[in-house]
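The values are calculated or read from the model by the stated rules, or taken from the named source; none is laboratory data. Please read these numbers as outputs of a predicted model, since none were measured by experiment. Reconstructed Cβ throughout: ideal geometry from the backbone, glycine too, with neighbour counts over all protein chains shown.
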Amino acid sequence: MAVRARTGYYRQEVNRTAWEVPERYRDLKQVGTGAYGTVCSAWDRRMGTQVAIKKLHRPFQSKLFAKRAYRELRLLKHMKHENVIGLLDVFTAEIALDRLRDFYLVMPFMGTDLGKLMKMERLSEDRVQFLVYQMLRGLKYIHSAGIIHRDLKPGNLAINPDCELKILDFGLARQADTEMTGYVVTRWYRAPEVILNWMHYTQTGKPSSHFVSTGMEEKKAKRPRFTTRELTLFSLVAVDIWSAGCIMAEMLLGKPLFKGSDHLDQLREIMKITGTPAADFVVKLQSQDAKNYIRSLPKVPKKDLHSLFSKASSNAVCVLEKMLLLDPERRVSASEALDLPFFSEYREAEEETEALPYDQTMDNTDLPLDQWKRHTFTEILTFRPPRDSRETSL
Ligand code: 0RX
């Protein structure tokens, strides 16, 4: 005998799986699916808006899935900024922890993304200005919370018909090594230090989380305003700035800037433009393999970006020059970039807000499955909807 849906909820089949959702969400239509979950668009009767609902795929099937699900919920709960996807609602049809199997995340529905938009049309410099301004505003907020996106690409920049941009992370599919191999969009926006790290990983067979030495001790003496931890964080967040530079370049060119066919080719493509690195960069590399590889490359000078982007204004090229630097420590930060003349028309400095600190201690914690489940249930129960979606219209 079929069990009745929770009071106030109804059941519906989506792509041969049962969804049990509150009555307020109507007209569910699948818009995306992958190993980690399925997303539907829906009409929110209470707010009179279109929303996206994500059902994670068997989130408590293993410790790894449970930790991932917990992390996505915590991250989305923390994000409260116009240019970053945030959480409108989170629900589960189960009322007790021991019966918790599924939960659902509700977000504003975003109809298209920058990847699709760039395929459809060439963007005017004015639109590039507005879109990059919003991307950097979102990045400033994310980085201020101590969070690194790590997979910024046109497909992870959602855009609405008013050209408003939100950073998100679809992450529906596994990012296996194979997805990073060959002629693939998944690698074209990755910073050189990340690619060098993968090459090291695949060559030696063991992971190295700090392939690129920060060289911080020496730096600390010269720049005593920052702690070693802060400086480490600066060069780690710089991976997102590189991606942002690649995205801005693609907006201006109408095609990807570094379209490598594999890891080595990707680095070659990058260095054709940045030039081969100076000795001070090479000494900072921790892996001997990477040092040898870079030293073996025929020396090429840096290209002048003004000639490569001949149709772009010099203010636009100035932004690219500061983002697409091989050395992560030299790249501009999101907050510094917002101060460049290219953004002065859109700039409202007091609106470029920072986040509350995000507690990442759980990211480095190993817990048994039932504990991840308990923490997730607590996060679901303690969720409070954003202020402007609280009033009821029904
Ligand atoms: O966007 C996420 C997500 C975001 C995230 N962030 C951490 C780094 O900074 C940015 C935010 N971390 C984990 C996950 N998830 C998500 C994305 C798209 C989606 C559902 C969940 O499906 C949609 C959303 C809106 N419109 C259409 C489809």
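Descriptive notes on the structure:
- The stretch 320-338, residues that are over 10 Å from VAL237 (Cα atoms) and hydrophobic (A, V, I, L, M, F, W, C): LEU320, MET323, LEU324, LEU325, LEU326, VAL332, ALA337, LEU338
- Condition met for SER307 (closer than 28 Å to LEU267 by Cα and surrounded by fewer than 16 Cβ atoms within 10 Å (Cβ to Cβ)): yes
- Residue that is within 30 Å of TYR133 (Cβ to Cβ) and of a type in the set (D, E, K, R), where the choices are GLU82, GLU13, GLU23, GLU94: GLU82
- Counting only strands (runs of 3 or more DSSP E) that sit completely within the stretch 87-204, those holding 3 or more residues that are within 27 Å of PHE377 (Cβ to Cβ) and modelled with pLDDT of 95 or more correspond to 89-91, 104-108.
- Residue count for the stretch 1-52 satisfying the condition of being among the hydrophobic types (A, V, I, L, M, F, W, C) and outside any loop (DSSP other than H, G, I, E, B): 12.
- Scanning the stretch 72-86 for residues that are hydrophobic (A, V, I, L, M, F, W, C), in contact with a Leu (Cβ under 8 Å, 6 or more places away or on another chain) and part of a helix (DSSP H, G or I) yields LEU73, LEU76.
- The lone exception for GLN12 - which of (1) buried (at least 18 other Cβ atoms within 10 Å of the Cβ); (2) free of Cβ contacts under 8 Å to residues at least 40 places away in the same chain it fails: (1)
- Residue that is farthest from the ligand (Cβ to nearest atom) [pool: residues in the stretch 69-93 that are touching a strand residue (DSSP E or B) at 6+ places or on another chain (Cβ under 8 Å) and not hydrophobic (A, V, I, L, M, F, W, C)]: THR92
A quick yes/no check of all residues on (1) modelled with pLDDT under 95; (2) acidic (Asp, Glu); (3) out of contact with any His (no Cβ under 8 Å at 6 or more places or on another chain); (4) over 20 Å from GLY86 (Cβ atoms):
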position	(1), (2), (3), (4)
GLU351	yes, yes, yes, no
GLN360	yes, no, yes, no
ASP370	no, yes, yes, yes
THR376	no, no, yes, no
ILE380	no, no, yes, no
SER389	yes, no, yes, no
THR392	yes, no, yes, no
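- When residues of the stretch 272-301 are limited to those that are surrounded by fewer than 16 Cβ atoms within 10 Å (Cβ to Cβ) and of a type in the set (D, E, K, R), the one farthest from SER124 (Cα to Cα): ASP289
- Matching option when the condition is closer than 30 Å to MET323 by Cβ, among the hydrophobic types (A, V, I, L, M, F, W, C) and touching a residue at least 24 places away in the same chain (Cβ under 8 Å), among LEU97, LEU136, LEU105, LEU73: LEU136
- Restricting MET120, MET135, MET110 to residues that are of a type in the set (A, V, I, L, M, F, W, C) and more than 15 Å from the ligand (Cβ to nearest atom) narrows the list to MET120.
- Subset of the stretch 39-64 [of a type outside the set (D, E, K, R) and either away from the ligand (no atom under 11 Å from the Cβ) or more than 24 Å from PRO386 (Cβ to Cβ) (or both)]: TRP43, MET47, GLY48, THR49, HIS57, PRO59, PHE60, GLN61, SER62, LEU64
- Flag for GLY260 being crowded, with 16+ Cβ neighbours inside 10 Å, part of a helix (DSSP H, G or I), modelled with pLDDT of 65 or more and not charged (D, E, K, R): no
- Among the candidates PHE343, PHE383, residue that is over 26 Å from SER243 (Cα atoms) and not hydroxyl-bearing (Ser, Thr, Tyr): PHE383
- Conditions (1) touching a residue at least 24 places away in the same chain (Cβ under 8 Å); (2) surrounded by 13 or more Cβ atoms within 10 Å (Cβ to Cβ): number failed by GLU336: (1)
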